[in-house]
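A.B. asks: Below is the structure I would like to discuss, written out as structure tokens.
The values are calculated or read from the model by the stated rules, or taken from the named source; none is laboratory data. As the structure is a prediction and not an experimental result, all values here were calculated from the model. FYI the Cβ positions are ideal-geometry reconstructions off the backbone, even for glycines, and counts take in every protein chain you see.
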């Protein structure tokens, strides 16, 4: 993972950020949660019905239903926010280390909450 990060961002900034224990822990937790979400989706994919209740803010009925592929919105958006927040953390760590920590831990919480939502949706229908 470190090799990929140093290819995407300036190496000295990534190394400085990665040496911070809390940032390293939060990044690893987020990555582990994302891997487990994708594994959970792979394991349950075949047992999912063709229509799922996904859009709870819409009126009750068929408007709330969506295809199983829409379940990927949650982990992929978590991945997007994780990459964005980590990028911002890399460039803000030297001047604002607290802001970098907040960004990385916010990613962990976003990933965790998206995972809970996804698991609840799947457990609701299975």
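A.B. asks: Say we look at the stretch 33-61 and pick out the residues that are within 22 Å of the chain's Cα centre (by Cα), exposed (fewer than 12 other Cβ atoms within 10 Å of the Cβ) and at pLDDT 85 or above; which of these is farthest from residue 111 (Cα to Cα)?
C.D. replies: 43
A.B. asks: Looking at the stretch 49-63, can you tell me whether even one residue there is without any contact (Cβ under 8 Å) to a residue 40 or more places away in the chain and closer than 30 Å to residue 12 by Cα?
C.D. replies: No, the stretch 49-63 contains no residue that is without any contact (Cβ under 8 Å) to a residue 40 or more places away in the chain and closer than 30 Å to residue 12 by Cα.
A.B. asks: Quick one: count up the residues across the stretch 104-126 that are surrounded by fewer than 17 Cβ atoms within 10 Å (Cβ to Cβ), touching a residue at least 60 places away in the same chain (Cβ under 8 Å) and part of a helix (DSSP H, G or I).
C.D. replies: Counting residues in the stretch 104-126 that are surrounded by fewer than 17 Cβ atoms within 10 Å (Cβ to Cβ), touching a residue at least 60 places away in the same chain (Cβ under 8 Å) and part of a helix (DSSP H, G or I) gives 4.
A.B. asks: Condition first: in contact with a helix residue (DSSP H, G or I) (Cβ under 7 Å, 6 or more places away or on another chain), at pLDDT 90 or above and either surrounded by 14 or more Cβ atoms within 10 Å (Cβ to Cβ) or within 14 Å of residue 19 (Cα to Cα) (or both). Now tell me which residues in the stretch 93-103 satisfy that.
C.D. replies: Result: 100, 101, 103.
A.B. asks: Which numbered condition in (1) under 20 Å from residue 117 (Cβ atoms); (2) within 20 Å of the chain's Cα centre (by Cα) is the only one that residue 65 fails?
C.D. replies: If we test residue 65 against (1) under 20 Å from residue 117 (Cβ atoms); (2) within 20 Å of the chain's Cα centre (by Cα), just (2) comes out false.
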